[in-house]
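Encoded as structure tokens, the structure appears first; notes follow it.
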Amino acid sequence: MPAPKDRTRTKRNVFVKAPGGRVSVHRKRFRPNKPQCAECGAELKGVIRGTPCQVAKTSKTQRRPERPYGGVLCSRCTRKKILESVRK
């Protein structure tokens, strides 16, 4: 029976093989989904993937790229948006 702290559906079973050949079960937290672009849904590059607790511990420059719409739009959509605003 898992420990009370592990009796939750937010954790997954990871089977770990010990050097003696015995297999034990470790309970690990699920990793959150990859961050996505708000417009096209593409995976964002340069944005860390972690739980809110892990993200809060990192510095702001490591969390997202330093450009307009960094961490919200992918570079392709950012270029389109900036070009649209310049044309108007």
What pairs come out if I take residues in segment 66-88 that are without any contact (Cβ under 8 Å) to a residue 60 or more places away in the chain and pair them with residues that are of a type in the set (Lys, Arg) and surrounded by 11 or more Cβ atoms within 10 Å (Cβ to Cβ) whose C-beta lies under 6 Å away, six or more apart or interchain? 70/64; 71/64
Condition set among the small types (Gly, Ala, Ser) and within 30 Å of residue 5 (Cα to Cα), scope segment 17-75, selection nearest to the chain's Cα centre (by Cα): answer is 50
In segment 1-60, the residues that are acidic (Asp, Glu) and surrounded by fewer than 10 Cβ atoms within 10 Å (Cβ to Cβ): none
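All of the numbers you see were taken from the coordinates with simple rules; none came from a lab. None of these values were measured; they are calculated from a predicted model. Heads up, the Cβs are rebuilt from the backbone with ideal geometry, glycines too, and the neighbour counts pull from every protein chain shown.
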